[in-house]
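Enquirer: Please see the structure below; I have some questions.
The values are calculated or read from the model by the stated rules, or taken from the named source; none is laboratory data. Keep in mind it's a predicted model, so treat the numbers as computed, not measured. All Cβ positions, glycine included, derive from the backbone under ideal geometry; neighbour counts span all protein chains shown. Areas reflect the complete protein model, heavy atoms only, side chains present, ligands, DNA and RNA absent. Shrake-Rupley method; radii C 1.70, N 1.55, O 1.52, S 1.80 Å.
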Amino acid sequence: KVEAKLTDNMVFLPIVDSDDTLVGQPGDTLKFPVYAYIGDASDVSENGQIIPVALSETFTTATVKKTAKAVQVTDEARLSGHGDPIDEATAQIAKAIDNKTDNDVLAALEGVSTSRQYGTVDSISPDVVSDSLTIFGEDDAGVKAFYIAPADKATLRKSDDFIKATEIGQDMILSGAFGELFGCQMIPANKIKSDDASGEMRRFIVKPGALKIINKQGTFVESKREPDYMRDTIFASKHYTVYLYDESKVVMIRQFTALKTLSDDAVSSAAGAESNGTMLDIKVGAPVGYKWVYKLGTTDGSGTFGTALTGYTDWVNAATEIAASTSTKAHVCLVNSSDNKPVKQINVTLTKKA
């Protein structure tokens, strides 16, 4: 009964593949290879030697975990309440496990590298969707799920390129899709929303095969009767994990909604080789369309969201030495490459060569 209800609230389910390799087998970790491309073939002259290359192989692992929930129902609640409290408890457990799995899928999507991220400080628009699809390169064909905030529907369906779900000429129409834009089937999800902590709203374009759920054991339900307390407790658990299998099938659209101050470990400074030389190591990647800049001084700097910075220098990399002179501080910002408007900032105390 619980298992039948588990997919009701799984908005990400249409694009998540299920892997049952570990079901009924010993172990809790799945190890799978990732192969690097061997390179294009080359011309070889007559009697020329063909030089073999090694097949480069790395491994990624995913380990299952247990998620669980329990509900307690007293005899008084069962006898005096309207409806059936036991059925209600079962439904609540199903929804709880649903939402936890959904959260795990979303967390896996948010782990995509910055090379798969497109940034914007503007609201979502058809132009933003079109531009972000360029990250797929030549592989943008095929079914794509576009997870948006429910409020986005009002903007995107007004586009001249919007196609209603009833008019999509494809064999596969994803569950929950209300229409299509540039080949992306749009699925509203309440969990796509502005996050005050990060100062961002993150939307995702996902192709089938990007994510997998490893199942070890399906939802297991059992109950316990405690006659000394005259109550029943219903327990449910599921052993699984969600992981990002192929990030080349994901594009994240990051809409920045505020200027976020990063934690102290996001950027560090190290002494350079020259007198008063320093180097900045920025550990947070920049999404497509954004870059890191810095400005040296003797006091902490501060930017304003939506206002372009002036007098800042593009950061190159952690190995590039910076002449700091008498400066003791660096105001480091992530900015839009086109207009230098900051979305992330941090102040760093410089470490310099004496």
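Enquirer: Considering only residues of the range 161-195 that are closer than 21 Å to Val112 by Cβ and of a type in the set (D, E, K, R), which is most open to solvent (accessible area, probe 1.4 Å)?
Expert: Lys193
Enquirer: Still on this structure, please answer the following. Go through the range 196-220 and count every residue that is in a strand (DSSP E or B), touching a residue at least 24 places away in the same chain (Cβ under 8 Å) and open to solvent by 10 Å² or more (accessible area, probe 1.4 Å).
Expert: 9
Enquirer: Keeping to the range 221-234, report how many residues are open to solvent by less than 50 Å² (accessible area, probe 1.4 Å) and closer than 27 Å to Gly27 by Cα.
Expert: Going through the range 221-234 one residue at a time, the tally reaches 0.
Enquirer: Quick one: in the range 12-30, which of the residues that are hydroxyl-bearing (Ser, Thr, Tyr) and at pLDDT 80 or above is farthest from Ala107 (Cα to Cα)?
Expert: Applying the first criterion (hydroxyl-bearing (Ser, Thr, Tyr)) to the range 12-30 yields 18, 21, 29.
Adding the requirement that they be at pLDDT 80 or above leaves 18, 29.
Working: Ser18: 17, Thr29: 19 Å.
Among them, the one singled out is Thr29.
Enquirer: Can you list residue pairs whose Cβ atoms sit under 6 Å apart, with the first residue in the range 229-251 being closer than 21 Å to Asn99 by Cα and the second being assigned to a loop (DSSP other than H, G, I, E, B) and open to solvent by 50 Å² or more (accessible area, probe 1.4 Å)? Count only pairs 6 or more apart in sequence or on different chains.
Expert: Leu244/Gly111
Enquirer: Another question, if that's okay. Spot the failing condition for Val105; the list is (1) modelled with pLDDT under 95; (2) in contact with a Lys or Arg (Cβ under 6 Å, 6 or more places away or on another chain); (3) of a type in the set (Val, Ile, Thr), and only one is missed.
Expert: Failed condition: (2).
Enquirer: Considering only residues that are modelled with pLDDT of 80 or more, closer than 23 Å to Tyr243 by Cβ and hydroxyl-bearing (Ser, Thr, Tyr), which ones fall in the range 36-92?
Expert: Ser56, Thr61, Thr63, Thr67
Enquirer: Now a separate question. State whether one or more residues within the range 237-246 are among the aromatic types (Phe, Trp, Tyr) and closer than 30 Å to Gln92 by Cα.
Expert: yes
Enquirer: For Thr278, state whether it is within 30 Å of Val16 (Cβ to Cβ), of a type outside the set (Asp, Glu) and touching a residue at least 24 places away in the same chain (Cβ under 8 Å). Quick ask: steps written out before the conclusion?
Expert: On the way: within 30 Å of Val16 (Cβ to Cβ): no; of a type outside the set (Asp, Glu): yes; touching a residue at least 24 places away in the same chain (Cβ under 8 Å): yes.
No, not satisfied.
Enquirer: Looking at (1) in a loop (DSSP other than H, G, I, E, B); (2) without any contact (Cβ under 8 Å) to a residue 60 or more places away in the chain, which is the only condition Lys224 fails?
Expert: (1)
Enquirer: Going by the structure shown, is Asp281 touching a strand residue (DSSP E or B) at 6+ places or on another chain (Cβ under 9 Å) and under 21 Å from Tyr118 (Cα atoms)? Spell out the reasoning first.
Expert: Numbers: touching a strand residue (DSSP E or B) at 6+ places or on another chain (Cβ under 9 Å): yes; under 21 Å from Tyr118 (Cα atoms): no.
So Asp281 does not fit the description; no.
Enquirer: Here is a further query. I'd like to verify a number: residues in the range 235-260 that are within 22 Å of Arg203 (Cα to Cα), open to solvent by less than 50 Å² (accessible area, probe 1.4 Å) and among the small types (Gly, Ala, Ser), how many?
Expert: The qualifying residues number 1.
Enquirer: Which residue is surrounded by the most Cβ atoms within 10 Å (Cβ to Cβ), if the candidates are limited to the range 130-146 and must be of a type in the set (A, V, I, L, M) and within 17 Å of the chain's Cα centre (by Cα)?
Expert: Our first condition is that a residue be of a type in the set (A, V, I, L, M); within the range 130-146, this holds for 133, 135, 141, 143, 145.
From the residues that got through so far, the ones that are within 17 Å of the chain's Cα centre (by Cα) too are 133, 135, 145.
Details: Leu133: 20, Ile135: 20, Ala145: 23.
Checking each candidate, the answer is Ala145.
Enquirer: Moving on to the next point. If a residue has to be within 13 Å of Ala266 (Cα to Cα) and at pLDDT below 95 to count, how many in the range 319-354 make the cut?
Expert: Selection size over the range 319-354: 0.
Enquirer: Is it true that some residue in the range 121-131 is under 30 Å from Asn215 (Cβ atoms) and either touching a Lys or Arg at 6+ places or on another chain (Cβ under 8 Å) or among the β-branched types (Val, Ile, Thr) (or both)? Can you show your working first?
Expert: Our first condition is that a residue be under 30 Å from Asn215 (Cβ atoms); within the range 121-131, this holds for none.
Among the residues of the range 121-131, not one is under 30 Å from Asn215 (Cβ atoms) and either touching a Lys or Arg at 6+ places or on another chain (Cβ under 8 Å) or among the β-branched types (Val, Ile, Thr) (or both), which makes the answer no.
Enquirer: Then there is this: Give the residues of the range 313-342 that are over 21 Å from Lys353 (Cα atoms) and in contact (Cβ under 8 Å) with a residue 40 or more places away in the chain, sorted by residue number. First the steps, then the outcome.
Expert: First, the residues of the range 313-342 that are over 21 Å from Lys353 (Cα atoms): 314, 333-342.
Within the range 313-342, Cys333, Leu334, Val335, Asn336, Ser337, Ser338, Asn340, Lys341, Pro342 meet the criteria.
Enquirer: Working carefully through the options Gly111, Gly39, Gly48, find the one that is without any contact (Cβ under 8 Å) to a residue 12 or more places away in the chain and open to solvent by less than 60 Å² (accessible area, probe 1.4 Å).
Expert: Answer to the selection: Gly48.
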